[in-house]
Amino acid sequence: MIGPPERAACEQIALLRSVGYAAFGRHEQGLDVLDLVFDSLVDQPGADDVRRLRFAGHGVTLDVERTPLTVELRVFPAGPVVVEARGGDSPGDAELVSFLLRWPGSTQRPVRTAWIML
């Protein structure tokens, strides 16, 4: 059973998500947004020094692995895809990033990940 603090947290997350989707909709029409469904910092804290993220939605999954030296991306379903990374617009946003995925010559709509701190 969910208690009042958990229910309030869920409602706050739902509100923030809806505000985020509205912001994407105003600024980048024609894009679908991938949800962050796994973050090793939250879901497996202390596992190792590799941060793993998974974004999913609209028939697409993007796995991100960040080590101290590299960032590796895997897109499913596999195939020709163009990935662009967009960082924050302010100098203090150096680690804030969102990934845009496009499939040239395909009917697949472009997708963008939620903004995250890498």
> Stretch Met117-Arg86 to full length: gain in nm at 0.36 nm per residue minus the Cα-Cα span?
Replying inline: 10.0 nm
> If you take all C-alpha pairs in the range 30-102, what percent of them are over 15 Å apart?
Replying inline: 60
>> If each residue of separation counts as 0.36 nm, what is the full-extension length gain between Val71 and Asp49 once their alpha-carbon separation is subtracted?
In response: 6.7 nm
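Read the figures in this text as sums done on the coordinates, not as results from a lab. This structure is a prediction, so every number in the text was calculated from the model and none was measured.
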